[in-house]
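Before any comments, here is the structure.
The values are calculated or read from the model by the stated rules, or taken from the named source; none is laboratory data. These numbers come from a predicted model, not from an experiment. We place every Cβ from the backbone using ideal geometry, glycine too, and count neighbours over all the protein chains shown. Surface areas here come from the heavy atoms of the whole protein model, side chains and all, with no ligands, DNA or RNA. Shrake-Rupley method; radii C 1.70, N 1.55, O 1.52, S 1.80 Å.
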Amino acid sequence: MRNSFKKIAVAAGAAAAAVTLGATTATAGVAAPTWTVGPSSPLTASAASTGTVTLSLNGIPLTCTTSAATAALKTASGTTGVTVGTIAPLTWSGCTSPFGPVTPTANTTTPWGIVANTYASGVTTGYISGVKATLSVLTCTFTVTGNVPATYNNSTGQLKAASTAASTYKLTVATASAGCAGIAAVGQNPLYTATYNVVKSGTTTKPTIVYTP
């Protein structure tokens, strides 16, 4: 009788182990959601603005004729809030305002992030994170930090940054000198709009970002 009980216990244990192993194997066979960067990963990309780049604050447009950046893109796993690239450096030129010339300087010592949230029909929607910049106009110098909503379109190769008053992701004036009265104040939310044409550095190839759930 004891041997019979022992055989039953061993058989039950083996069956449980088989079920556990089968479940583990099935789980292992399921690929994690992935944001795949093409045509290769990692890759370095060059971005050049098309049209006017604008930072608007208190209804005052601070505009630049050109902006350029270098980005490092890389395939990454996850569903939302996934960093698929970084930006460093970034520059602006030909900048002016109703008050005269503007000097903007991007702080990319800690690279800005390119964060993916959703994907549909070849378009990735997310935001640019960790933005830090200093702007000077007349006797005013102020710093801006935060995030900017952005989309990337595989077919056009365009990265569009566009913040609105209703945006979840915002820029905020972090510091402002005494000469900024009427121009910028701490806590205000500037609106940034820019469109960049992106290509794999040294080529005319448009990078792609594809989400596989």
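Can you tell me which of THR139, THR52, THR70 moves the most in a GNM of the chain? Springs connect C-alpha atoms under 10 Å apart.
Result: THR139 has the largest fluctuation of those listed.
Any idea how far apart THR52 and PHE99 come out in nm if each label point goes 7 Å out from Cα toward Cβ?
The modelled label-to-label distance comes out at 1.8 nm.
When the Cα centres of the range 44-63 and the range 119-172 are compared, how far apart do they sit, in Å?
When both Cα centres are located, 10 Å separates them.
Taking the structure as given and computing Rg and Dmax of the Cα atoms in Å, which label from [x] 18.4, 55; [y] 20.3, 83; [z] 24.9, 98 fits?
Matching entry in [x] 18.4, 55; [y] 20.3, 83; [z] 24.9, 98: [z].
Can you list the HN-Hα couplings for the range 198-213, worked out from phi with the Karplus curve (6.51, -1.76, 1.60; θ = phi - 60°), rounded to whole Hz and with x for Gly and Pro?
10, 9, 4, 3, x, 9, 10, 7, 7, x, 10, 10, 10, 9, 10, x
Apply the Karplus parameterisation 6.51 cos²θ - 1.76 cosθ + 1.60, with θ equal to phi minus 60°, to every residue of the range 129-134 and state each ³J(HN,Hα) to the nearest whole Hz, in sequence, with x for glycine and proline.
9, x, 5, 9, 8, 10
Using a 1.4 Å probe on the protein heavy atoms, what percent of the accessible area of the range 65-145 belongs to carbon and sulfur?
Percent of accessible area from carbon and sulfur atoms in the range 65-145: 61.
Output the relative contact order of the range 69-146, whole-number percent, from Cα pairs under 8 angstrom with separation of 6+ residues.
26
Given a 10 angstrom Cα cut-off, can you work out which residue in THR91, THR125, THR109 is the most mobile in a GNM of the chain?
THR109
What's the magnitude of the charge dipole for the chain around its Cα centre, counting Lys and Arg as +1 and Asp and Glu as -1 at the beta-carbon? Answer in Debye, nearest 20.
800
Can you give me the accessible area per residue for the range 53-144, using a 1.4 Å probe, in Å²?
Per-residue accessible area for the range 53-144 comes out at 44 Å².
What is the spin-label model distance, in nm, from THR156 to SER77 if the labels are put 7 Å beyond Cα along the C-beta direction?
3.4
Output the 0 to 90 degree angle, nearest 10, between the alpha-carbon long axis of helix 2-28 and the longest principal axis computed from the alpha carbons of the chain.
Taking the Cα atoms of the chain, the angle to 2-28 is about 20 degrees.
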